[in-house]
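Structure, as structure tokens:
Derivation of every value follows stated rules applied to the coordinates shown; laboratory data play no part. Not measured: the values here are computed from a predicted model. When we count neighbours, we look across all protein chains shown, and the Cβ atoms used for this are built from the backbone with ideal geometry, even at glycine.
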Amino acid sequence: MRLTALAAAASALALASACGAQDGGPTAASPQAGAPLETRPANAPDQQPAFPGQTRAPAVRTERALAHTVVASGLVEPWGLALLPDGRWLVTERPGRLRIVTAEGAVSEPVAGLPAVDARGQGGLLDVIPGPDFADDRMIWWSYAEPRDGGNATSVARGRLSEDGTRVENVQVVFRALPAYDGDKHYGSSLAFAPDGTLFVTLGERSDAPMRPQAQDLGSHMGKTIRINADGSVPRDNPFVGREGALPEIWSLGHRNVQGIAIAPDGAVWTIEHGTRGGDELNLDRAGLNYGWPDVAYGVEYRGGPINEGVTAREGTEQPVYYWDPVIAPGGMTFYDGAMFPEWRGNLLAAALKEKHIARLVLENGRVAGEERLLTDLGERVRDVAVGPDGAVWAITDEQNGKLVRLAAAD
């Protein structure tokens, strides 16, 4: 598909009138502030939250009108979005292409030098992130479904982006999830650098029933959050270093399919993961803890019926900070720290694939105190979200004609 850039002025004019304040959240027909934003019936109506506010947070609304601009289109199933210091965007396309997109919408040819990906099902080229010292060394990291003997698995590679942005050089695979599996689902995988320079990698448990138990197996990377050094070596203070039978890269366990991670201003690690029919989770992801899957979960099986008899709590497992039932199908997420919306600072912005919006989550004392749906009028699967230099929110849509979109104040 031919890649196109839309004229910013014309696009902004047309889309502001098309979207207007509806990009900002509930309309007059939506729940009023203070009432739960989610009004659909739950898939598991008999399940109860473990504490008040764990699900169905009150609706909140941004008072200023918002409008979105489609900056670029024609991207094929874009997956990862990352800002470069010069204001351009790294965008991955799941079939295996990395592109650079300017703030004006000019889309590069595919960046050369990336390794082959297995793009079946949910696999392919996944997340991308510039390193903390990109301005000096031009290093980037990316995750992908790597073809292996016996199937495939998530891997992370790094390389130097050439000065002209046309290729990556000196490519090195720094992490390979084990074991390989001949499947096409639940690879994770989101990347985030912590303030100490360590790299977090989120992984799925590969979905199929025989693989689910590996989320609880410390001898497998499946269903884990991983923490490594930038070169792939293991940080000495990882929680399972030195434990017999445990892979030392593991940070936490008991996850289903984590496709979003964000580091809070205080350094805390937050992850967001897909549930089944119900049970999408937002977790405060702490070292050495077990987040339960598949032994405990909210929601029900895709085919109907309880997951492990419907157990939602068990000693030794952590509760999610927040869960959705029905699901929103979360993708990437970020903390908002921009100047355009000072009232949003410290909020989490999470991409929603199934429900086609950006979820703005107001956090207070480690809990979700309010929820708003942004970018609702675009009507496309939102895969990843980021904050631009001026505080506008940018997103990519996971479609065959995927888009790079800018959401900003209309006034």
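Remarks
- Extension gain, Asp390 back to Ala287 (0.36 nm per residue minus Cα-Cα distance, nm): 33.7 nm
- Classification of the stretch 333-384 by its C-alpha gyration tensor yields a prolate form. The axis ratio a/c (a ≥ b ≥ c) is 1.5 or more, and a/b outweighs b/c.
- Taking 0.36 nm per residue of separation and subtracting the current Cα-Cα distance, fully stretching the chain between Glu301 and Ala246 would add 16.9 nm.
- Percentage relative contact order, the stretch 320-399, counting C-alpha pairs under 8 Å, at least six apart: 29
- Anisotropy class of the stretch 73-146 from Cα gyration tensor, a/c 1.5 cut: oblate
- Here each label is just a point 7 Å from Cα along the line to Cβ, and for Val311 and Ala135 those points are 5.1 nm apart.
- Options [x] 1.01; [y] 0.95; [z] 1.24 - which one matches Rg/Rh (Cα atoms, Kirkwood Rh) as calculated here: [y]
- The stretch 206-271 shape via C-alpha gyration tensor axes, a/c threshold 1.5: oblate
- Long-range amide H partners of Asn347 with built H, under 5 Å: Tyr336
- Length gained on full extension, Glu163 to Ala65, computed as 0.36 nm times the residue gap minus the Cα-Cα distance: 31.3 nm.
- Spatial separation of Cα centroids for the stretch 288-348 and the stretch 155-214, in angstrom: 21
- Note on Arg40/Ala369: beta-carbon distance plugged into 1/(1 + (r/R0)^6) with R0 of 22 Å gives a FRET efficiency of 0.60.
- Peptides 171-178, 308-315, ordered by how many other C-beta atoms sit within 10 Å of their residues on average, highest first, read 171-178, 308-315.
- 5 angstrom amide H check on Arg94, placed H, neighbours 5+ away: Trp79
- Sequence ranges 94-100, 130-136, ranked by mean other-Cβ count within 10 angstrom, highest first: 94-100, 130-136
- Under the Karplus curve 6.51 cos²θ - 1.76 cosθ + 1.60, θ = phi - 60°, whole-Hz ³J(HN,Hα) for the stretch 305-313, x wherever Gly or Pro sits: x, x, 8, 6, 6, x, 5, 10, 8
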